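Visitor: First the structure, then my questions, so here it is.
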Amino acid sequence: MNVMDKLTILTDAAKYDAACTSSGLERRGKRGRMGSTTMAGFCHSFSADGRCVTLLKVLMSNACAYDCQYCVNRRSNDVPRATFSPPELAELTIQFYRRNYIEGLFLSSAVIGSPDITTERMIQVLRLLRETYGFWGYIHAKAIPGADPMLTRQLGLLADRLSVNIELPSQHSLALLAPEKKKAGILAPMAQIRDGIAGSKEELARYRHAPRFAPAGQSTQMIIGATPESDRHILTLSQALYDKYQLKRVFYSAYIPVSDSKLLPAPRQFQPPLLREHRLYQADWLLRYYHFRAEELLDEDRPNFDERVDPKCSWALRHMEQFPVEVSRAEYEALLRVPGIGVRSARRILTARRAAPLSFDILKRLGVVLKRAQYFITCGGKMLPGLRVKEDQVLGHLAALERPALFAAVPEQLSLFDGEVGG
Amino acid sequence: MSWIPVCYEYDGTLEGFLTCVFESFAHHEEPVCFQTPHEDACTLWDTRSVNTDRRKAVRVFRSMDARLGRGASRLVYRAFLTCLEEKEVHIYRFLQYGYQRERGVMEELGHPLVSVLQKAVQHLEREAHLYTGFARFSDHRGILVGEIEPKNRVLPLIRSHFTQRYHRECFLLWDRTHQEALLYQPGQWVIVPMEELRLSAAAEEELHWRALWRRFFHTVAIEERRNPRCQNTQLPKRYRNRMTEFCRDGEGMEALPGS
C-alpha cells in the first residue's frame, strides 16, 4: 500500500476528532531546528465543512483491538485498515510543514494490540520528528487510556499537548457503548497528565533546562447526541474538568451516524445535532472567559439550552432585574455579562471612558454590537434613543437576529423556527 | 491664525511622510492631500515637494509616544502600512488632534480620528495573521518560494513569524500587490522591491507532496457537516487563488507572468 492510500484511510479514520488547535505555547525558532509555535496558533485552511485545518490530523493506525459502538474504527466494522510506519509519517509531517500547509502533527491511534504497544509506536514517531528531524513545531498526541504511566510520561515529554478523550458524557453510556473503556481508566491518565504538567512547571521555575511535560496543556473531547445526557449534565461535567483537571479545552463533537448498532440513534433519520454543539461551545466560552458558572446557565427546570438564542442572551433575558447596565460606570464583570459586549469591547469601554464621556456612537465605534446590547444598557442614564420594545418582545427580536447566521450553520435545523414569529 | 492649505509631494516612505509632518508644523501649512511621484493627479491647492530628511522624521517619530501616549508611534507606523484610502491625511489629522490635546488621545478609542486608524490597523493585523496560515510555499531546488496578494503591506508584520519558523531554511515570499519580497537565509533577512517572479516548473517530488496535501484536505472534511457558507466566511475566496488545495498544478503558483 502506498503513502497516498494510507494517508486517505488514516485521515478518513481521524476526521471525527474535533480538536484541531495549535495554541497554548509560545516557542521561538532555534538554530538548527525546524519550526516554532505561537500562543494563539494559526488556521492553515478551512475544509468544506467549515472547520479549521491546522494540524496534520491522522491516525497512526486504524486496526483497532476494541469494539466501541460509536466509533468508525471499531473491530467489527468492515473498513480498509492501514498503519503508517514511523519514517513515513515523520517525512509527511516535515514536508507539509515546510510548505506551510500545517502547524504540526495531531497524532492519535487505534489500539494496535495493546495500549502499551500503541503508545510505544507513537513515541517512535515523535522521537524521530524531535530528535532526528529537529522538528520544533506543534505536536498534539493522544494518550491511550490503559497505557503504562511511564510511557505516557515519555509521550508528554515529546508532545506539546496531550489529550485523553472522555468519549461519552456519562459512565452509564460509556459502559453501554464502549465496554472496553472505563471511566476510571480515562480519568487516571488525565490526572497523571495534570500532575505531570504541574510538576514540570515547578521544576522549570528552579532549573531553566528542566524537561517540559506537555507545555501546551491537555484537552479532551466528548460526543454529543449519541446518548441521552442533558446540556446541563454535559456543561457541569466540562466545568468539573476545567476545575479539577485544569484542562485547556473541552471539545464537543456532534455525533455523526457511523454505525447500525441498536444502542445508537438510527442512522437513517438522524441529523447530527450541530446547533446543540454550537450552543455548547458558546456556553463553554462563557465558562472560560466570561466568569459564568454552569449552575447559572442551566438548572433542573431548564436542563437544555434554548436553541433560538445564544446562552448569554438567554441568561440575560431570565435576569432582567440586573439590567439595564450603565456602561459609563459598570464594572468589567458586569459589562461582560451584557449580550453584545465581548471581552475586547468591555476592555475598550474601560479605557475609552477614562478619556471622554461615552455615547452610543462611541460604543458602536468601540465594537459593541448595539443590535444586541441596546436592550440591556443605558449610556449616560438613557436608553438608545428611539428604542421602543416591550420586555416580552425582546426574545423575538434577538431570535430574529440569529436566524440568518443559523441558516448558514445548520440548514437542517431550520424547521425549528417555522412556528416562530420574527421581530 | 489659520494654516495655509497645501498639497505635499513626497517619496512615499514613512520617513518622507514624517518629514512632511515636521514641515507642516514648522511652516504652519495644513496638508489636505499627499502625492507620491508616480501619481500625477492635479489638485486645486499649491503643491510643495518635500525632501525626505531623516533627522526631522526621527524627531517627529520620537515625540509621538511622549506627547500622544504609549503606542502612538506603533499605531502610526502600522497605519502607514494599511490600504486605508488617503491614509496620509488620516494619520496627519490624528497627529494634529493628538498634539493639540496632549496626553490621553491614545485612550480616546471612540474618537472618529482615532478609531479610523485603529480599524485600518486591525484590518492589516488580521490580514497578516491570516496570511501566516494561508501563505503556501513550494520547494524550488531547496529554496522555499511563496506568493501572496494582500490588500495591506503585511510583509513587515509577518516577517518575524516566518524567519522563526524557517530558521534553517532559505525562503522567498513575494507580495504581488505591493511588488516587494521578503528574502531570508539563515541569520539574514531583507525586504526588497521585486516587480515580478519567474519560476521554472515544479519538480516531480514537489508535485507529489502537493497531491498528498490535496488528498488530505479533501478527505478531512466531514460530508454530513458540509457548510460552504461557513467555509467562505472563514476563508474568503480572495485568498484561495494562491493556495495549493484550491488550485490545480499549472494554475496558481506556476501561473506567473512570463512563465
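Visitor: Would you say B:S24 is among the small types (G, A, S), assigned to a helix (DSSP H, G or I), in the same structural domain as B:H111 (by TED's automatic domain parsing) and out of contact with any Asp or Glu (no Cβ under 6 Å at 6 or more places or on another chain)?
Guide: yes
Visitor: While we're on this one: Here are some residues: A:L358, A:L387, A:L366. Which one is more than 14 Å from every other protein chain (Cβ to nearest Cβ) and at pLDDT 75 or above?
Guide: On inspection, the qualifying residue turns out to be A:L387.
Visitor: Take the residues of the stretch A:367-395 that are of a type in the set (A, V, I, L, M) and in a helix (DSSP H, G or I): which is farthest from the chain's Cα centre (by Cα)?
Guide: Applying the filter and picking the extreme gives A:V394.
Visitor: If a residue has to be farther than 13 Å from A:S22 by Cβ, in a loop (DSSP other than H, G, I, E, B) and within 14 Å of chain B (Cβ to nearest Cβ) to count, how many in the stretch A:53-71 make the cut?
Guide: Adding up the residues that qualify gives 1.
Visitor: Say whether the condition of being in the same structural domain as A:S23 (by TED's automatic domain parsing), aliphatic (A, V, I, L, M) and part of a loop (DSSP other than H, G, I, E, B) is met by at least one residue in the stretch A:131-141.
Guide: Applying the first criterion (in the same structural domain as A:S23 (by TED's automatic domain parsing)) to the stretch A:131-141 yields A:131-141.
The next check asks that each one be aliphatic (A, V, I, L, M); those that pass are A:139, A:141.
Pick out the ones that are also part of a loop (DSSP other than H, G, I, E, B) and you get none.
No.
Visitor: State the number of residues belonging to the stretch A:133-158 that are out of contact with any Phe, Trp or Tyr (no Cβ under 9 Å at 6 or more places or on another chain) and closer than 28 Å to B:H161 by Cα.
Guide: Total satisfying the criteria: 5.
One line per residue, one yes/no per condition, for (1) within 27 Å of B:T244 (Cα to Cα); (2) within 19 Å of the chain's Cα centre (by Cα):
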site	(1), (2)
A:L25	no, yes
A:T38	yes, yes
A:F42	yes, yes
A:D67	no, no
A:Y70	no, no
A:R74	no, no
A:T83	yes, no
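Visitor: Okay, next question. What about A:L92, is it part of a helix (DSSP H, G or I), within 14 Å of chain B (Cβ to nearest Cβ) and either surrounded by fewer than 24 Cβ atoms within 10 Å (Cβ to Cβ) or not β-branched (V, I, T) (or both)?
Guide: Criteria met by A:L92.
Visitor: Under 9 Å between Cβ atoms, which residue pairs at least 6 apart in sequence (or on different chains) link something in the stretch B:237-256 that is at pLDDT below 65 with a partner that is part of a helix (DSSP H, G or I) and hydroxyl-bearing (S, T, Y)?
Guide: Partner pairs satisfying both residue conditions: B:G252/B:T244; B:M253/B:T244.
Visitor: Please enumerate the residues belonging to the stretch A:346-380 that are crowded, with 22+ Cβ neighbours inside 10 Å and under 18 Å from A:Y289 (Cα atoms).
Guide: Listed by number, the residues that qualify are A:A346, A:R348, A:I349, A:V368.
Visitor: So how many residues does the stretch A:333-366 have that are outside any helix (DSSP H, G or I) and in contact with a Phe, Trp or Tyr (Cβ under 9 Å, 6 or more places away or on another chain)? Working first, answer last.
Guide: Taking the stretch A:333-366 as the starting set, the residues that turn out to be outside any helix (DSSP H, G or I) are A:337-342, A:356-359, A:366.
From the residues that got through so far, the ones that are in contact with a Phe, Trp or Tyr (Cβ under 9 Å, 6 or more places away or on another chain) too are A:337-342.
Within the stretch A:333-366, residues that are outside any helix (DSSP H, G or I) and in contact with a Phe, Trp or Tyr (Cβ under 9 Å, 6 or more places away or on another chain) number 6.
Visitor: Return a yes/no flag: does the stretch B:80-90 have any residue that is touching a residue at least 24 places away in the same chain (Cβ under 8 Å), of a type in the set (A, V, I, L, M, F, W, C) and farther than 23 Å from B:Q35 by Cβ.
Guide: Within the stretch B:80-90, not a single residue is touching a residue at least 24 places away in the same chain (Cβ under 8 Å), of a type in the set (A, V, I, L, M, F, W, C) and farther than 23 Å from B:Q35 by Cβ.
Visitor: Please find, among A:A141, A:A147, A:A188, A:A178, the residue that is under 18 Å from A:L89 (Cβ atoms) and small (G, A, S).
Guide: Matching residue, one of A:A141, A:A147, A:A188, A:A178: A:A141.
Visitor: Related question: Any residue at all in the stretch B:164-173 that is assigned to a strand (DSSP E or B) and of a type in the set (A, V, I, L, M)?
Guide: Yes, the conditions are met somewhere in the stretch B:164-173.
Visitor: I need the full set of residues from the stretch A:162-212 which are of a type in the set (G, A, S), out of contact with any Ser or Thr (no Cβ under 9 Å at 6 or more places or on another chain) and outside any loop (DSSP other than H, G, I, E, B), in order please.
Guide: Correct list: A:A175, A:A184, A:G185, A:A188, A:A191, A:A198, A:G199, A:S200, A:A205.
Visitor: Among (1) of a type outside the set (K, R); (2) in a loop (DSSP other than H, G, I, E, B); (3) outside the structural domain of B:K237 (by TED's automatic domain parsing), where does B:A120 come up short?
Guide: Condition not satisfied by B:A120: (2).
Visitor: Checking the conditions here, which among B:R168, B:R210 is at pLDDT below 95 and within 14 Å of chain A (Cβ to nearest Cβ)?
Guide: From the options B:R168, B:R210, the qualifying one is B:R168.
Visitor: Moving on. Filter the stretch A:17-52 for residues that are more than 7 Å from chain B (Cβ to nearest Cβ) and among the hydroxyl-bearing types (S, T, Y); which is surrounded by the most Cβ atoms within 10 Å (Cβ to Cβ)?
Guide: My answer is A:S22.
The values are calculated or read from the model by the stated rules, or taken from the named source; none is laboratory data. From a predicted model like this one, the values you see are computed outputs, not experimental measurements. Cβ: placed from backbone, ideal geometry, glycine included. Neighbour counts: every protein chain shown.
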